[in-house]
Amino acid sequence: MIVIVALIVGAALLIVALAWWLLIKSEGVYLGRGVVIWLYDVYARRYDNIKQYDPYGEEHYLARPVLKRLLPVTAPLVLDVATGTGRLPLALLEQPNFQGRVIGVDLSRRMLTVAAEKLTPHRDRAVLMHVPAEKLPFPDNTFDLVTCLEALEFMMDQWAVLREMARVLRPGGLMVLTNRQGRDVRYMPGHIISHPEFERRLRQEIGLSHVYIQPWQIDYRLVWGIKIGQSRPTGPRLLPEVWRCATCGEMQMIESTAGSENGSGAWRCAACGARIMTGADGVIEGLRAT
Ligand SMILES: C[S@@+](CC[C@H](N)C(=O)[O-])C[C@H]1O[C@@H](n2cnc3c(N)ncnc32)[C@H](O)[C@@H]1O
């Protein structure tokens, strides 16, 4: 009897430990992209409270250093991959000397809703799209700055995402990333690599130069790199000038006028007729072309 009880308790503890590792410590990354995104959907409303980003830190350790490295470009076109609740767009758009535009993409629809609420005062210069990091709906060599903060380790194939990010970054453009460190790294084998190895692969596989990894937060280092080559800055273009239709690949998206009663609207591809809705919160429903 005692043996059976011990076995049952042991099995229960094992299941709890496994669930804790798979769902909490590694945030679903070994269970697939759907689980990762589902967890962010579940936590979206609590995300900012958990992270406790403080505005002073965001300004001094994120926005200002980024803007300094972008100089002399003061009006860049920015893409923030896995934007979450809009941390990077907000930090940049709140800087008086930032005159650019930001597109934020994420797969968690609820994280984007929170981002949309926070970015309401900046709607004229911020766009949020519900699309995956693995397939960005933009042409090659487009953005002056491409960022991805605190998210690469949750991707199924972060090197495929980095190649996709480098594709849409213009030659001479700036990439800003994070690389995870700290105690929790041991819970995510295969998803986090050492800083020297990260730097080597960014240079050799992604085609970045001037790669520089600096101390930043307890759990992350900040990573800078420049896409090899040179090109003129793209500048703060409007969305239709850089948005490639996911159905036919053409760049002919037109905003349809009438929205529905709840404030949502729609875009239509003039080339193939595909329609993409905009949610009542202003987020472009990039996953659902009709
Ligand atoms: C820890 S949050 C980081 C959010 C934000 N960059 C920040 O620094 O606060 C990770 C984000 O990555 C997003 N994400 C994970 N995998 C993704 C994918 N394949 N495509 C797009 N977004 C993804 C999640 O939905 C989540 O919003």
Residue in the range 168-176 that is within 12 Å of the ligand (Cβ to nearest atom) and under 16 Å from GLY104 (Cα atoms) present: yes
Entirely in the range 103-205, the helices (runs of 4 or more DSSP H) that have 1 or more residues that are surrounded by fewer than 14 Cβ atoms within 10 Å (Cβ to Cβ), without any contact (Cβ under 8 Å) to a residue 24 or more places away in the chain and among the β-branched types (Val, Ile, Thr): none
Filter result (basic (Lys, Arg) and within 13 Å of the ligand (Cβ to nearest atom)) within the range 85-112: ARG87, ARG109, ARG110
Filtered residues of the range 73-84 (kept if closer than 13 Å to VAL127 by Cα and more than 10 Å from the ligand (Cβ to nearest atom)): LEU77, VAL78, LEU79
Filter result for the condition that a residue is surrounded by fewer than 12 Cβ atoms within 10 Å (Cβ to Cβ), assigned to a loop (DSSP other than H, G, I, E, B) and not assigned by TED's automatic domain parsing to the domain that holds LEU112, over ARG232, ARG237: ARG232
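Conditions (1) closer than 26 Å to TRP216 by Cα; (2) over 17 Å from the mean Cα position of the chain (by Cα); (3) within 12 Å of the ligand (Cβ to nearest atom), marked per residue:
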residue	(1), (2), (3)
VAL114	yes, no, yes
PRO132	no, no, yes
ASN141	no, yes, no
ASP144	yes, no, no
Enumeration of residues in the range 20-37 that are within 14 Å of the ligand (Cβ to nearest atom) and of a type in the set (A, V, I, L, M, F, W, C): ILE24, VAL29, LEU31, VAL35, VAL36, ILE37
ARG45, sole failed condition from (1) surrounded by 12 or more Cβ atoms within 10 Å (Cβ to Cβ); (2) in a helix (DSSP H, G or I); (3) within 14 Å of the ligand (Cβ to nearest atom); (4) without any contact (Cβ under 8 Å) to a residue 40 or more places away in the chain: (4)
Residue in the range 50-72 that is away from the ligand (no atom under 13 Å from the Cβ), of a type in the set (Phe, Trp, Tyr) and not in a helix (DSSP H, G or I) present: no
Residue satisfying all of: in the range 72-100; surrounded by fewer than 24 Cβ atoms within 10 Å (Cβ to Cβ) and among the charged types (D, E, K, R); nearest to ARG288 (Cα to Cα) among these: ARG87
Any hit, the range 49-65, residues being small (Gly, Ala, Ser), within 26 Å of LEU145 (Cα to Cα) and more than 14 Å from the chain's Cα centre (by Cα): yes
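The values are calculated or read from the model by the stated rules, or taken from the named source; none is laboratory data. Source: prediction; values computed, not measured. Heads up, the Cβs are rebuilt from the backbone with ideal geometry, glycines too, and the neighbour counts pull from every protein chain shown.
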